[in-house]
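First the structure, in the form of structure tokens, and then the observations on it.
The values are calculated or read from the model by the stated rules, or taken from the named source; none is laboratory data. This is a predicted model, so every value here is computed, not measured. As a convention, Cβ positions derive from the backbone with ideal geometry for all residues, glycine included, and neighbour counts pool all protein chains shown.
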């Protein structure tokens, strides 16, 4: 198959995404889990133009040699360490402090999960962890079930963004929580990043059309037949969705509204 | 001397410091965080911290994650 140059938008003018003290051109955040081939991760980062990637912290496997994931992430990319594995606020705080000690920055995605079936985040514990870590100077991006009161509490606690889930982690079901995310977009003044469940570029575009500030995708890219091309597809979709949002989508209607003029028909006498 | 290293019981023959323990197990020490009995130990202090009987040591690093 011959290579084709992807279409670049010639009209898009946008303000950068601002999170804490940093600005970003890309509105696509990539998770680094589940890549079978680590070199696909490096190429996916390149082809998607992402500027923020998430990583996790785990015990080092002392029996087997472990590849260093950081070797596949360019140094100019902002590392966002998640607190996966944390079951309560205290554990999330512990993981965040460990992450900072690596010298890879102080950006942390709070992820507190205490349910192995649905992997839904514990909003209450997430707010507690955010409060503690924001006070310690961390840039805190909390992952939550979309809920207005939680989001407000997070803003008050010093969160840098709010990251509501689109649907269950890794489920590829898309924007099942659409109406609740719309409420957050309308009411919350810090960036809204839709995280989890986004299974196709069309779903990422939909989130951006609603006015989400950014989208985080992992499973849908990493487990695609061709992860690197899929990363590129998501990047294009996220940009298209953003451009559509900036262009102000017309509202939907229940009845038809002809696109062609309803006068001057040939049979008219 | 028995310690718990990353959740596994280990028998250490000789007295050693944290840096020696890490060196035995890990080639690339960059981006490794060490916790002893729940306290983060900065890499500048690895050499001076001697491992004691019954210590719980965690060696942690980055992996892929969403």
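Here are a few things to note about the model shown:
- Residues being outside any strand (DSSP E or B) and buried (at least 18 other Cβ atoms within 10 Å of the Cβ) - total across the range B:3-18: 1
- When the criteria are applied in full, residue A:142 meets the requirement of being under 21 Å from residue A:217 (Cα atoms) and assigned to a strand (DSSP E or B).
- Residue satisfying all of: in the range B:25-51; modelled with pLDDT under 90 and in a loop (DSSP other than H, G, I, E, B); surrounded by the most Cβ atoms within 10 Å (Cβ to Cβ) among these: B:32
- Residue B:57 vs. criteria under 10 Å from the mean Cα position of the chain (by Cα) and facing chain A (nearest Cβ under 9 Å): no
- Residue count for the range A:71-97, restricted to those that are surrounded by 19 or more Cβ atoms within 10 Å (Cβ to Cβ) and within 7 Å of chain B (Cβ to nearest Cβ): 2
- Condition check for residue A:183: at pLDDT 95 or above, touching a helix residue (DSSP H, G or I) at 6+ places or on another chain (Cβ under 6 Å) and away from chain B (no Cβ under 14 Å): yes
- The set of residues in the range A:214-230 that are in contact with a strand residue (DSSP E or B) (Cβ under 8 Å, 6 or more places away or on another chain) and either within 14 Å of another protein chain (Cβ to nearest Cβ) or modelled with pLDDT under 95 (or both) comprises A:215, A:216, A:217, A:218, A:219, A:221, A:222.
- Search result, residues across the range B:9-46 that are over 12 Å from the mean Cα position of the chain (by Cα) and within 13 Å of another protein chain (Cβ to nearest Cβ): B:9, B:27, B:28, B:30, B:31, B:44
- Residue that is outside any strand (DSSP E or B), farther than 24 Å from residue A:82 by Cβ and at pLDDT 90 or above, where the choices are B:54, B:66: B:54
- Restricting A:105, A:137 to those that are within 14 Å of chain B (Cβ to nearest Cβ), on the phi > 0 side of the Ramachandran plot and free of Cβ contacts under 8 Å to residues at least 40 places away in the same chain reduces the list to A:105.
- Some residue of the range A:246-254 being free of Cβ contacts under 8 Å to residues at least 24 places away in the same chain, more than 19 Å from residue A:203 (Cα to Cα) and more than 25 Å from the chain's Cα centre (by Cα): yes
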